[in-house]
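Chemist: Got a structure for you, questions after.
The values are calculated or read from the model by the stated rules, or taken from the named source; none is laboratory data. Just so we're clear, the structure is a prediction, and the values are computed from it rather than from any experiment. Here the Cβ positions follow ideal geometry from the backbone for every residue, glycine too, while neighbour counts run over all protein chains shown. Note: accessible area is taken over every heavy atom of the protein model, side chains too, but ligands, DNA and RNA are not part of it. Shrake-Rupley method; radii C 1.70, N 1.55, O 1.52, S 1.80 Å.
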Amino acid sequence: MSQLIYLDNAATTKVRPEVLQAMQPYFTEIYSNPSSVYSFAGKSTKAVEEVREYIASMLGVKSNEIYFTAGGSESDNWAVKGAAEALKSKGNHIITSTIEHHAVLHTCQYLEKNGYEVTYLDVDENGKVSLEALEAAIRPETILITIMAANNEIGTMEPVAEIGAIAKKHGVLFHTDAVQAFGHMPLPVQEMNLDMLSASAHKFNGPKGTGFLYIRNGIKLGAYMHGGAQERKRRAGTLNVPGIVGMGAAARLAAEEMEERRKKVISLREHLIERILKEIPYSRLNGHRTDRLANNANFSFRFIEGESLLILLDQQGICASSGSACTSGSLDPSHVLLAIGLPHEIAHGSLRLTLSEETTREQIDFTVDQLKDIVERLRNMSPLYEDFLKGAGANVQ
Ligand SMILES: *Cc1c(COP(=O)(O)O)cnc(C)c1O
């Protein structure tokens, strides 16, 4: 099969043709800097403000609570460092979870080196944060709770509304990294008592390097980028007009097609999960069985190295991702898989497949067929598997 089968939509998604089409005039025709005075600049301003209003309407917030950024990592950095700095006279304690994206985790670790204290809440075997543990961790000096809406590796959705209620009760700010969730599920910010929310366009068919941070009015978060007066003096820099327009077009498509896409993707995901668990021995599904992102399936296969799996899948044109971070220069398995209690050797044999609205049943079936074959081949070369078989035989006798 020479066709590319892209099952890594948690890493990034394809820019939809409608999105590219919406962006194009803002490179070559309406290329004005929205900060300028002449009416030509007003055309860029108008486009940007329409996106701000549309995104705000999706979240049920005011348009002046949306700040454009250069993506999810920037939004997370701004929310966490900004809250830490703005509230340092009130306290120095932050609560997060052990399964956050590195954009939040490494930011928290940076703050720990600068006088802040961070509680990293454990998650259960499905990847869920405990509300009791969260409430018990709140101290008088707690200034921020930052817990993701949905996990990028195992797909588990966190109880955001319940966390929001606890945060509100204790008067603590609540930020959520919704980079995997925005555009994929409804996020009623008021009902969820969210004070800040991060999102990134390239995770919902928009362009890379564009995102936003929602900041509830009244929160005195300082400027993240110093310079010009853009974004109400809180995020300097000439606005990425084509990027923002593309994010707006992608957000609109995502909102309009959300239910339809979810239904389709969930049914394919279920087919994938059922086939794998049934047809590949010693396999398990990681993450919550039902409370998970529509497009996410994450498996562990015993006696296998995830990296070898990825290479052999790649030879068949299948793009996937593994639970070990070898690609990033470390041999440690993913912090998320360890946090849900997987032993190192099982975490190493993990595979994340994330679907899109363009994924077909034929692609899923082809992938499962290849996977069955690859897993068997790798196991046949594995001394661990050989030992296991001998051991199992001994037990039976
Ligand atoms: C991708 C991702 C990010 C980072 O977003 P970028 O736009 O790539 O910087 C942050 N958090 C989560 C959960 C993600 O999946």
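Chemist: Would you mind finding the one in 48, 15 that is surrounded by 17 or more Cβ atoms within 10 Å (Cβ to Cβ), within 15 Å of residue 246 (Cβ to Cβ), among the aliphatic types (A, V, I, L, M) and within 21 Å of the chain's Cα centre (by Cα)?
Modeler: Result of the check over 48, 15: 15.
Chemist: Select the helices (runs of 4 or more DSSP H) contained entirely in the stretch 92-176, then report the ones holding at least 1 residues which are within 16 Å of the ligand (Cβ to nearest atom) and at pLDDT 95 or above.
Modeler: Ranges flagged: 102-112, 160-169.
Chemist: Determine whether residue 335 is within 30 Å of residue 77 (Cα to Cα), open to solvent by 30 Å² or more (accessible area, probe 1.4 Å) and within 18 Å of the chain's Cα centre (by Cα).
Modeler: yes
Chemist: From (1) in contact with a Phe, Trp or Tyr (Cβ under 9 Å, 6 or more places away or on another chain); (2) closer than 22 Å to residue 13 by Cα; (3) surrounded by fewer than 23 Cβ atoms within 10 Å (Cβ to Cβ); (4) not aromatic (Phe, Trp, Tyr), pick out the condition that doesn't hold for residue 250.
Modeler: (3)
Chemist: Only residues that are within 15 Å of the ligand (Cβ to nearest atom) and either open to solvent by less than 10 Å² (accessible area, probe 1.4 Å) or in a loop (DSSP other than H, G, I, E, B) (or both): list them for the stretch 73-91, please.
Modeler: Those that are within 15 Å of the ligand (Cβ to nearest atom) and either open to solvent by less than 10 Å² (accessible area, probe 1.4 Å) or in a loop (DSSP other than H, G, I, E, B) (or both): 75, 76, 78, 79, 80.
Chemist: What number of residues within the stretch 182-196 are within 11 Å of residue 160 (Cα to Cα) and either in contact with a Phe, Trp or Tyr (Cβ under 7 Å, 6 or more places away or on another chain) or open to solvent by less than 40 Å² (accessible area, probe 1.4 Å) (or both)?
Modeler: Going through the stretch 182-196 one residue at a time, the tally reaches 5.
Chemist: Within the stretch 213-220, identify whether any single residue is over 25 Å from residue 142 (Cα atoms), within 16 Å of the ligand (Cβ to nearest atom) and either in contact with a Pro (Cβ under 8 Å, 6 or more places away or on another chain) or assigned to a strand (DSSP E or B) (or both), and answer yes or no.
Modeler: No - not one qualifying residue is present in the stretch 213-220.
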